[in-house]
Every structure is written in structure tokens, then in C-alpha cells.
Amino acid sequence: MKLYLVRHTAVDVPKGVCYGQTDVPLDASVFVSQAENVRRKLAHIKADAIFCSPLSRCLNLADYLNLTSIEIDHRLMELNFGEWEMQAWNDIDMSPWQTDWHCTPAPGGESFVQMYRRVASFLDEVCTRNIRTAIVFTHGGVINCTKIYCGQADWHSAFNSSTPYGGTETFEI
């Protein structure tokens, strides 16, 4: 199966603020240009299924592209940063993460291992369906988890580079 994972367009959140699963607005000043770039990237794709995170930053992009029959799946949400959500990264005590950021959850949130398990659950389920090509509107963390799932990265390298806002990554599963 071929998967096209699309990261939502830029958000209207100050730089340096943690926003994981908070439903933040999109940056209106770049939305149309980034969304049109996504449209060009996806124009040639004949998808059997389209999946989307329930967060508005993903739904708005899929809606703008006039896509139909979209399946909303909560497993496609970004990492839940719990109490860190909407806090400046510089103000967060990240000492618990310094020893084991993979397995240590943010206070009141989830760990990267927990996030990976829910993303892997989604991917495992999609693989059982008769789908040849799918488009998935999601978040940077979910794309990084998919890199690990597909063997394109390990835990240490998956987060070395991020898919840009409005970027698309292609995977074969």
C-alpha cells in the first residue's frame, strides 16, 4: 500500500510554544499558498481512502481541497503534551525527559512510545483493509512515527528532521 502523509499547514501560534493536541488556528497569511501547494502535490493521486486527524488544522486543509469520504481517526493526532500544552518551551521543566524522552510522558500527557503505539495501531488496521493508496492528513509527530514503523528511521533519527508545514511524505507499507 502507498501512503501519502500530509502535514497540516502553518499554525498561528507564537514560535517556541508547545501545542501538541491543542486545537490551534491556522496561519491565514500562508494558508492558501501552502494548501495550493498540497493540491498540486496530490493532484495525480487516485486515493482509495482518505484519513484525517480530528484537529481543525488538518480538517481545514482537507476541507479546502474539497475531498470527500474522509475518515476521521483520533490515532492520527499529535503528541499529547498534557500540562505543557500552550506553554513556552523555555518555561517547561524538561528534566524528566532528559534521561528517557521516549518513555517518559509529559505530565498529564503521553510519551512518544505511547504515541507510536497508537499510530502503529492505525497503520496496522489500515494494512488489513483493501486499500492500495491512501492520503492521510496529520501532524509532524505522526509522520515521524510512520518513519519508524516503516523502518526509515529509528527512535534517535526520526526526529532529526521535520516535514515542513504543508509537506508530504510517501511511504510503502
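Each value in this text was obtained by applying a stated rule to the coordinates, not by laboratory testing. Nothing here was measured: the structure is a model prediction, and the numbers come from that model. Note that we place each Cβ from the backbone using ideal geometry, even for glycine, and neighbour counts take in every protein chain shown.
Pick from Met94, Met77, Met115: which is most flexible by mean-square fluctuation in a GNM of the chain where alpha carbon atoms under 10 Å apart are linked?
Met94
Anyone know which of Ala43, Ala28, Ala62 comes out most mobile in the 10 Å Cα GNM of the chain?
Ala43
Assuming R0 = 30 Å, can you tell me the calculated FRET efficiency for the pair Val30 and Met86, based on Cβ-Cβ distance, to the nearest 0.05? Don't skip to the answer; put the middle values down first.
Values: r = 21 Å, r/R0 = 0.70.
So the FRET efficiency works out to roughly 0.90.
In the P(r) worked out for the range 1-148, what percent of Cα pairs fall beyond 17 Å?
63 percent
What are the extents of the Cα atoms of the range 35-85 along their three principal axes, in Å, largest first?
In descending order, the Cα extents are 41, 21, 14 Å.
Have a look at Ala49, Thr22, Gln87 and report the one farthest towards the positive end of the charge dipole of the chain, computed about the Cα centre with Cβ charges (Lys/Arg +1, Asp/Glu -1).
The residue sitting farthest along the positive end of the dipole is Ala49.
Given +1 on the Cβ of Lys and Arg, -1 on the Cβ of Asp and Glu, and no further charges, what dipole in debye does the range 48-137 carry about its Cα centre, rounded to the nearest 20?
360 debye
Say a paramagnetic label sat at a point 7 Å from the Cα of Leu67, along Cα to Cβ; which residues of the range 1-35 have their backbone N under 14 Å from it?
2-9, 35
Using Cα springs under 10 Å in a Gaussian network model of the chain, which residue among Lys41, Lys15, Lys147 shows the largest mean-square fluctuation?
Top of the fluctuation ranking is Lys15.
Under a cut-off of 20 Å between alpha-carbon atoms, report the aspartates and glutamates in cross-link reach of Lys15, not counting same-chain residues fewer than 8 places apart.
List returned: Asp23, Asp27, Glu78, Glu83, Glu85, Asp91, Asp93.
Checking the a/c ratio against 1.5 first, then a/b against b/c, what shape does the Cα gyration tensor give for the range 49-123?
Oblate.
Rounded, prolate or oblate: pick one for the range 81-173, where a ≥ b ≥ c are the square roots of the eigenvalues of its C-alpha gyration tensor, a/c under 1.5 means rounded, and failing that, prolate if a/b is larger than b/c, else oblate.
Prolate shape, in that a/c is at least 1.5 and a/b is the bigger ratio.
Between Gly140, Ile173, Cys58, whose Cα lies farthest towards the positive end of the dipole of the chain when Lys and Arg beta carbons carry +1 and Asp and Glu beta carbons carry -1, centred on the Cα centre?
Sorting the options by dipole projection puts first Ile173.
Using the Cα centre of the chain as the reference point, and only Cβ charges (+1 on K/R, -1 on D/E), how large is the resulting charge dipole? Debye, rounded to the nearest 20. Before the final figure, lay out each step's value.
Details: 14 positive and 20 negative charges, 155 e Å.
Result for the chain is approximately 740 debye, rounded to the nearest 20.
Per DSSP helix of 4 or more residues, -39500 (n - 2.57); summed, then divided by the residues of the chain. What does that give at 222 nm, rounded to the nearest 500? List each step's numbers first, then the result.
Numbers: 5 runs with 56 residues, N = 173.
After summing the helix terms and dividing by residue count, I get -10000 deg cm²/dmol.
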